[in-house]
Amino acid sequence: MNDFIRPRPEFPKRAVITSGMPYGNKLIHFGHLGMILRADVFARFMRDRIGKDNVIFVSGTDCYGSPALEAFRKLQESGNCQYSSIVEYVEDNHIKQKEILEKFEIGFNLFAASALGRAGEIHKETSEWFIRKLFENEMVSKHSSLQFYDKKNNCLLNGRQVIGKCPIENCQSEKGYADECDLGHQYLPQDLIDPVSSLSGERPELVKIENLYFDLQKCTDILNDWINSIDKKSDTASFMVKEIKEFFKKPEIYIKREFFDEFHKIKYNLPHFIELERNEKAPSMTIVFDKLEDREKACEILAQNNIRYRTGKTLTPFRLTGNISWGVPCPEIDGINEQTFYVWPESLWAPISFTKTYLESIGKDEDEWKKYWCNKDAVVYQFLGEDNIYFYGPAQQAMWLYTQGKNPVLDPENGQLRLTKINPIKSILYMNKKASSSGSIKPPMASEFLEHYTAEQIRMHFLAMNLVNNNVSLSPKAFDPDANDDEIDPVVKEGNLLTNVYNRILRTIFYSTQSHFDGVIPQAVIDASTFEECKKVILNVEKFMYDKKFHQVYNALDVFIRNINKYWVKEINNCVTEEKLAHLTVNAMQMIFVANTLLHPIAPSGTENVADYIGFDKEKCFDWNYIFDSYENVLDKNKNRQIKTLKPKEDFFKRHQTQLDELAKKNN
């Protein structure tokens, strides 16, 4: 087993990395930050791995839709609104989002806004292209669907102006909106339990409105082929596969035992269904329909007879348009005009708009984006929260497929949109509880963390979280009123790999080189065993990055960097001659070169500072084309092996000032 060499994964020639977009009415909270940080680490890794000119990292503010419109309306009603328009309101939030992300060293190629500037213009063009393509390929239909209407205020209600209980069986959501809950479950408006208008506080009526829909319910077979094709791949999250497959079930209704008698009186009035076998003492029965429209009819009949029910997950028509005023204008399609796009579909293709915008800004041709989104040599990696799997999974992948034509394939020729790699994370809890902007437990804002921790400490802490298949709690000591003084702060603990362990070996090597070699890196032969140890950690980190198992990246680096310290401590007493010390120094320097390269995506500014002090060539030292080479090959030849002088007690990776103050207080 000691001779095991990990096989290397295959990376694309070009890549786009995207992360979920914060709404235009919000600042960045810890949930956004945890997701975006992971996307950033992967984007930085890919730039080092396949070349920075081959990687585009985009995201932006999700400007449109009812969340922003409703928040702006409430702000106006409060009398404290400083904005003259919703555009001004969203733009201010966009600027603040961008500023805080920059403080956490998020390295976007472009952080745009779907309603603003050139990105907004291109996004309107992209939106029109999508709906015309889908309509041309006979996957857009108009339906008279039910929409909530507030009789007291004489107006139709948008999604966030209706609050009730999610009708999906076993859903733990705190809030159900008009047609989706805050956990991302989709349902029909008429299925929402106990709806209330946020405008009047009264139960709204349901009226029929014609909208355009993507025929997602027709896509079960090809989506099933897609999910089966990625199911067993090492970089596919198993919980995502399980959740998506639940939507491929036939339409179901669940009826509680207390309504069994009433159900049996009217069951022959329902469209054809099959009742699943159940235990005699089961708390509910399940009835299954062949078609979605049959289930909808059955729901109407059950409601008319006051029989309470819940519905199961299944693919339903995916709404494309609505009548909300704050939305991307939709062109006239099939006689439907003067509507806007529903926020979810247009937010799914927004990263394409942002990619086009970025490429245009650096002088590329109009069709350059296709080399990234429509080419077999490229892959699009999308980072998102588990609540959004339905949208980026079945909904987006199906829409992408049907831009090809009426008979799409999973692996189309170049020039056609290709399916993306979805990288969902499980929920980041706060103090072991679910926090949400719309829930009872509010999430802390990202800016608050910088009052207690450095950006590098936060980056290390989020990276160390195992969010591949588990919910993980964010429990920073600085935010925990019940924390004991002697408790170890988990954020500081993970950050210690930089501020303590890595700092220690760096200082040791620098001070030794300054003291014994006049600050000039000595020349000696690096041991084959050192190259072998380096190779092992390189291959491990490469595979863990490929699989987006960032906690394992952290663990591998933790072991490797600690071993550099142990190696120095073990060998330094044997260095009784300058030759032996030179031998120890170059072996340690080789390991530092590798550790610094592997840490670069996680702690970019600190590792770049280390590289500068050692005298590495900044164009080579993080380039994976050199990672298996001797560090000698990435030294800046103009510096003649001369390191920069490191002053006493100087650190490359610093603690936050509040932590230093606390340490000083304890030591006094």
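Considering only region 358-372, state which residues are in contact with a helix residue (DSSP H, G or I) (Cβ under 6 Å, 6 or more places away or on another chain) and surrounded by fewer than 23 Cβ atoms within 10 Å (Cβ to Cβ).
Matches in region 358-372: 368 only.
Name the residues in region 212-245 that are under 26 Å from residue 142 (Cα atoms) and open to solvent by 10 Å² or more (accessible area, probe 1.4 Å), would you?
213, 217, 218, 220, 221, 222, 224
Can you pull out the helices (runs of 4 or more DSSP H) entirely within region 342-419 that have at least 3 residues that are modelled with pLDDT of 95 or more and more than 30 Å from residue 312 (Cβ to Cβ)? Talk me through it step by step, then tell me what you get.
On the way: elements: 343-348, 350-361, 370-373, 396-401.
Here the list reads 350-361, 370-373.
Would you pick out the residues in region 273-294 that are touching a residue at least 40 places away in the same chain (Cβ under 8 Å) and either under 34 Å from the mean Cα position of the chain (by Cα) or not in a helix (DSSP H, G or I) (or both)?
290, 291, 292, listed by residue number.
What pairs come up if the first residue lies in region 354-378 and is closer than 17 Å to residue 124 by Cα and among the β-branched types (Val, Ile, Thr), the second is open to solvent by 60 Å² or more (accessible area, probe 1.4 Å) and modelled with pLDDT of 95 or more, and their beta carbons are under 9 Å apart, counting only those six or more places apart or on different chains?
Cβ pairs passing all conditions: 357/118; 357/121.
Which members of region 301-316 meet the condition of being under 38 Å from the mean Cα position of the chain (by Cα) and either in a strand (DSSP E or B) or over 16 Å from residue 168 (Cα atoms) (or both)?
Scanning region 301-316 gives 309, 310, 311.
Rundown of residues vs (1) open to solvent by 60 Å² or more (accessible area, probe 1.4 Å); (2) of a type in the set (D, E, K, R), yes/no style:
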| site | (1), (2) |
| --- | --- |
| 562 | yes, yes |
| 597 | no, no |
| 608 | yes, yes |
| 622 | no, no |
| 627 | no, no |
| 634 | no, no |
| 651 | no, yes |
| 656 | no, no |
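Could you check region 148-186 and list, in sequence order, the residues that are in contact with a strand residue (DSSP E or B) (Cβ under 7 Å, 6 or more places away or on another chain), farther than 22 Å from residue 385 by Cβ and without any contact (Cβ under 8 Å) to a residue 60 or more places away in the chain?
Passing the criteria: 148, 149, 150, 151, 157, 162, 164.
Answer yes or no as to whether residue 15 is over 20 Å from the mean Cα position of the chain (by Cα) and either open to solvent by less than 50 Å² (accessible area, probe 1.4 Å) or not acidic (Asp, Glu) (or both).
no
Report yes if some residue within region 176-196 is in a strand (DSSP E or B) and at positive phi; otherwise report no. So that I can check it myself, show each step before the final result.
Our first condition is that a residue be in a strand (DSSP E or B); within region 176-196, this holds for 176, 180-181, 186, 193-196.
In the following step, the residues that additionally are at positive phi were identified as 194.
Within region 176-196 (the criterion being in a strand (DSSP E or B) and at positive phi), the answer is yes, since at least one residue qualifies.
In region 528-551, which residues are open to solvent by less than 60 Å² (accessible area, probe 1.4 Å), touching a helix residue (DSSP H, G or I) at 6+ places or on another chain (Cβ under 8 Å) and in a helix (DSSP H, G or I)? Break it down into steps so the answer makes sense when it comes.
Taking region 528-551 first, the residues open to solvent by less than 60 Å² (accessible area, probe 1.4 Å) are 530, 534, 537-551.
Of the ones still in play, those that are also touching a helix residue (DSSP H, G or I) at 6+ places or on another chain (Cβ under 8 Å) are 530, 534, 537-538, 540-542, 544-545, 548, 550-551.
If the condition is that a residue be open to solvent by less than 60 Å² (accessible area, probe 1.4 Å), touching a helix residue (DSSP H, G or I) at 6+ places or on another chain (Cβ under 8 Å) and in a helix (DSSP H, G or I), then 530, 534, 537, 538, 540, 541, 542, 544, 545, 550, 551 are the ones that fit.
Return the total of residues in region 411-427 being under 15 Å from the mean Cα position of the chain (by Cα) and either under 14 Å from residue 19 (Cβ atoms) or open to solvent by 20 Å² or more (accessible area, probe 1.4 Å) (or both).
Residues meeting the conditions: 7.
Which of the residues belonging to region 82-111 are farther than 14 Å from residue 25 by Cβ, touching a Gly at 6+ places or on another chain (Cβ under 8 Å) and open to solvent by 20 Å² or more (accessible area, probe 1.4 Å)?
Scanning region 82-111 gives a single hit, 110.
Might you check whether a residue that is buried (at least 20 other Cβ atoms within 10 Å of the Cβ), within 24 Å of residue 442 (Cβ to Cβ) and either more than 30 Å from the chain's Cα centre (by Cα) or of a type in the set (Phe, Trp, Tyr) (or both) occurs anywhere in region 158-165?
No: zero hits.
Just to verify a result, which residue in region 564-582, among those that are of a type outside the set (A, V, I, L, M, F, W, C) and not in a helix (DSSP H, G or I), is most open to solvent (accessible area, probe 1.4 Å)?
Taking region 564-582 as the starting set, the residues that turn out to be of a type outside the set (A, V, I, L, M, F, W, C) are 565-567, 570-571, 573-574, 577-580.
Keeping just the survivors that are not in a helix (DSSP H, G or I) gives 573-574, 577.
On the way: 573: 128, 574: 89, 577: 63 Å².
Only one residue tops the list, namely 573.
Has region 246-261 got any residue that is open to solvent by 30 Å² or more (accessible area, probe 1.4 Å), part of a helix (DSSP H, G or I) and closer than 21 Å to residue 317 by Cα?
Checking region 246-261: at least one residue is open to solvent by 30 Å² or more (accessible area, probe 1.4 Å), part of a helix (DSSP H, G or I) and closer than 21 Å to residue 317 by Cα.
What number of residues within region 81-116 satisfy the criterion of being of a type outside the set (Ser, Thr, Tyr) and free of Cβ contacts under 8 Å to residues at least 12 places away in the same chain?
Selection size over region 81-116: 7.
What is the residue count in region 488-516 for residues that are crowded, with 17+ Cβ neighbours inside 10 Å and not in a helix (DSSP H, G or I)?
1
Considering (1) more than 21 Å from the chain's Cα centre (by Cα); (2) within 21 Å of residue 389 (Cα to Cα), say which one residue 481 fails and leave the rest.
Looking at each condition in turn, residue 481 falls short on (2).
Considering only region 297-325, state which residues are touching a residue at least 40 places away in the same chain (Cβ under 8 Å), open to solvent by 60 Å² or more (accessible area, probe 1.4 Å) and charged (D, E, K, R).
Passing the criteria: 300, 308, 310.
Restricting attention to region 192-208, and to residues there that are surrounded by 14 or more Cβ atoms within 10 Å (Cβ to Cβ), closer than 11 Å to residue 148 by Cα and in contact (Cβ under 8 Å) with a residue 12 or more places away in the chain, which single residue is nearest to the chain's Cα centre (by Cα)? It would help to see each step written out before you state the result.
Pass one, region 192-208, residues surrounded by 14 or more Cβ atoms within 10 Å (Cβ to Cβ): 192, 195-200, 203-206.
From what is left, the residues that are closer than 11 Å to residue 148 by Cα are 192, 195-197, 203-206.
Still in the running and in contact (Cβ under 8 Å) with a residue 12 or more places away in the chain: 192, 195-197, 204-206.
On the way: 192: 28, 195: 31, 196: 32, 197: 32, 204: 35, 205: 37, 206: 35 Å.
So the residue we want is 192.
The values are calculated or read from the model by the stated rules, or taken from the named source; none is laboratory data. Values in this document were obtained by computation on a predicted structure and should not be read as measured data. When we count neighbours, we look across all protein chains shown, and the Cβ atoms used for this are built from the backbone with ideal geometry, even at glycine. Areas reflect the complete protein model, heavy atoms only, side chains present, ligands, DNA and RNA absent. Shrake-Rupley method; radii C 1.70, N 1.55, O 1.52, S 1.80 Å.
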